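Below: one structure, written as structure tokens.
The values are calculated or read from the model by the stated rules, or taken from the named source; none is laboratory data. Just so you know, these numbers come straight off a predicted model, no measurement behind them. Neighbour counts are summed over all protein chains in view; Cβ atoms, including those assigned to glycine, are modelled from backbone coordinates with ideal geometry.
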Amino acid sequence: MLFIDGASNDKGSGVGLELVSPNKKEFTYTIRLDFKSTNNEAEYEAFLAGLRIANKFGAQHVKAHIDSMLRASQVNGLYEANDEVMSSYLDQVRQLIQKFKLCKVKHIKRSEIKSEDALSKLAATSFDPLAKEVRVETLAEPSVPPRQVHITQTPEES
């Protein structure tokens with residue numbers, strides 16, 4: 001399964017995607033687009049990146065989940081691409097889809113791809129001071145010891 005999202009704003013463009021293998025192993029990616037693009041172009045870049053990665057992993061069957069009804073409808077042949085750039089993106093997606101035995105594209109609600117949405121927005125944000133690679137760590141406990149509470153009983157009401 002492939003979950004994808006693209007984002008574009010005045011600071012940049014980015015892609016967030018997650019590939020889930022049949023045995024439920026998850027591969028999460030974020031890609032900063034180092035060129036000017038529209039939100040629609042970023043959506044297609046996300047889709048192309050996801051298909052390329054799935055192909056590299058040797059996937060034969062892909063079920064892609066995308067929050068853009070327009071993109072999903074274009075790929076599924078229900079809508080035409082409205083300009084030359086979108087037409088070129090659509091052609092590239094269709095060429096990549098041919099590398100799989102089966103590729104289904106399903107439109108889903110944005111709320112169903114919250115992590116990909118967040119990743120695409122992170123990549124679209126200008127973060128020059130940060131390293132090109134971001135590592136995520138999980139802290140199991142707070143860095144400071146928890147406060148201790150002392151219960152005091154008084155012999156009479158106060």
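Annotations
- Subset of the range 48-66 that is touching a residue at least 60 places away in the same chain (Cβ under 8 Å) and buried (at least 21 other Cβ atoms within 10 Å of the Cβ) - its residue that is nearest to residue 8 (Cα to Cα): 66
- Pick from the range 67-76, criterion buried (at least 21 other Cβ atoms within 10 Å of the Cβ) and polar (S, T, N, Q), ranking: nearest to residue 98 (Cα to Cα): 74
- Residues that are surrounded by 12 or more Cβ atoms within 10 Å (Cβ to Cβ) and over 14 Å from residue 89 (Cβ atoms) occur at least once in the range 32-47.
- In the range 32-48, the condition of being at pLDDT 90 or above and under 13 Å from residue 1 (Cα atoms) is met by at least one residue.
Okay, residues lined up against (1) in contact with an Asp or Glu (Cβ under 7 Å, 6 or more places away or on another chain); (2) at pLDDT 90 or above; (3) not in a helix (DSSP H, G or I):
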| position | (1), (2), (3) |
| --- | --- |
| 78 | no, yes, yes |
| 90 | no, yes, no |
| 96 | no, yes, no |
| 104 | no, yes, yes |
| 118 | no, no, no |
| 142 | no, no, yes |
| 148 | no, no, yes |
| 154 | no, no, yes |
